[in-house]
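Engineer: Take this structure, written in structure tokens, and hold onto it; I'll ask about it next.
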Amino acid sequence: MVFTYKTTSGDTLTKVANRFHIRIEDLLAANKEIPSSHSYLYPGRHLLIPDNASSTKRKKLYPCSEEYGWRELENDRRLLQSQTIKGLKVEQIGQSVMKKPLWLFKYGRGQKKIFLTGTWHGNEWMNSWLLMNFLKTFIKKVNTKAPWLGYSPHKLYQDATLFIVPLVNPDGAELVQEGLSKGHSHYEQMAAINDGWSDFRHWSANINGVDLNHQWPAGWKEEAKTSPKQPWYRHYGGASPISEPESKSIYLLTMKEDFSHVLAFHSQGQEIYWGYRDMEPKVCKSLAERLASASSYHPVKTAASAAGFKDWFIKEWKRPGFTIETGIGKNPLPFDASLEMWLNNVPLILESLTFPSFSPPLDKWEKE
């Protein structure tokens, strides 16, 4: 029996198909006015749900089976906070341009502080799923004292404290996943940047058209010379460094906390960038090689660009900073990339937790 479903905010073809346990192909066949599997679903649309919809949950084909954005993060946050987990603290460190909260998850008992961030770019949203799924699994392993890929999560929990901001750019991720409806507060600006086209899957910037990973005072002026000079869907570093509320929130948190080392997760190349203009401690090369061995990724000293968060952290703190490129292909990565992403990055993150604490004095690290 065919029935009708009225879409709401946050709906995507993938989410609707999963909700009714059907294939996207079946949903498209029943709604022939939808041009492709990449089409957006705006609130208030009536969809025909075909008669092969089932109440039986279909087995997931991949670890990440639908889009992960601020709504999914809110659900995970509420769930974790409702469980009163020992050693877990959740706090809001700021908000996006569109007033979405930026959440920080702290977990661990150790003095060593390690900072993980994801989804600096809107079309790299799968890294938010990766970091939150890691956190949830890590908590379970700690509570059961179970080993994980040869590591002891319980020991790592005792030795270190994880600081995770899984979704730095919630507005950009929402735009990539859900498109631009006419009621959007930034409709005119976004439509103009995109030249009137409705597909926003390529979008990296925040909702102001500023690239949050080109915002940092580490080669910012030089980078600005070869970047767009006005708001754009990527690479525009803003009118000045750290001009955006998302960047400011990360900046203030980093200045407040004494992070030993940082890992910023991005999505292209399966590479590990570990240097910045020879300002990094010499030990960074061997640490990057350890991460590479754990993940099978390729260590690279420097990228072809500057003004990134990792660059600034190295410049400002003279401590290890890494940009982790978790995938290969075109962003946003397809769902089938999530399995490889998970298998590569779980051991990488676990290995990063075994690093020594890099805090003053730094002299011995400089000499290695």
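Engineer: Based on this model, can you work out whether Tyr276 counts as part of a loop (DSSP other than H, G, I, E, B) and hydroxyl-bearing (Ser, Thr, Tyr)?
Structural biologist: Answer is yes for this residue.
Engineer: Go through the residues of segment 258-266 one by one and say whether even a single one is open to solvent by 10 Å² or more (accessible area, probe 1.4 Å), part of a loop (DSSP other than H, G, I, E, B) and at pLDDT 95 or above.
Structural biologist: no
Engineer: Considering only segment 348-368, how many residues are surrounded by 19 or more Cβ atoms within 10 Å (Cβ to Cβ), at pLDDT 95 or above and either in contact with a Cys (Cβ under 8 Å, 6 or more places away or on another chain) or not in a helix (DSSP H, G or I) (or both)?
Structural biologist: 1
Engineer: Moving on. Name the single residue, out of those in segment 308-321 being in a helix (DSSP H, G or I) and basic (Lys, Arg), that is nearest to the chain's Cα centre (by Cα).
Structural biologist: So the residue we want is Lys310.
Engineer: Moving to a separate point now. Every residue in segment 22-46 that is in a loop (DSSP other than H, G, I, E, B), open to solvent by 40 Å² or more (accessible area, probe 1.4 Å) and either more than 19 Å from Phe200 (Cβ to Cβ) or charged (D, E, K, R) (or both), please.
Structural biologist: Selection gives Arg23, Lys32, Glu33, Arg45.
Engineer: Cβ contacts < 6 Å: first residue under 13 Å from Leu167 (Cα atoms) and open to solvent by less than 20 Å² (accessible area, probe 1.4 Å), restricted to segment 104-118; second residue part of a strand (DSSP E or B) and among the acidic types (Asp, Glu), any location; separation 6+ or different chain. Result?
Structural biologist: Pairs that qualify, where the first residue is under 13 Å from Leu167 (Cα atoms) and open to solvent by less than 20 Å² (accessible area, probe 1.4 Å) and the partner is part of a strand (DSSP E or B) and among the acidic types (Asp, Glu), are Leu104/Glu91.
Engineer: Looking at segment 328-347, can you tell me whether even one residue there is open to solvent by less than 10 Å² (accessible area, probe 1.4 Å), touching a strand residue (DSSP E or B) at 6+ places or on another chain (Cβ under 9 Å), among the β-branched types (Val, Ile, Thr) and over 21 Å from Asn123 (Cβ atoms)?
Structural biologist: For segment 328-347, residues open to solvent by less than 10 Å² (accessible area, probe 1.4 Å), touching a strand residue (DSSP E or B) at 6+ places or on another chain (Cβ under 9 Å), among the β-branched types (Val, Ile, Thr) and over 21 Å from Asn123 (Cβ atoms): present.
Engineer: OK, next. Quick check on this structure: which one of Ser305, Ser267 is within 16 Å of the chain's Cα centre (by Cα) and within 27 Å of Gly122 (Cβ to Cβ)?
Structural biologist: Answer to the check: Ser267.
The values are calculated or read from the model by the stated rules, or taken from the named source; none is laboratory data. As the structure is a prediction and not an experimental result, all values here were calculated from the model. We place every Cβ from the backbone using ideal geometry, glycine too, and count neighbours over all the protein chains shown. When the accessible area is computed, the model is the full protein with side chains, heavy atoms only, and any ligands, DNA or RNA have been set aside. Shrake-Rupley method; radii C 1.70, N 1.55, O 1.52, S 1.80 Å.
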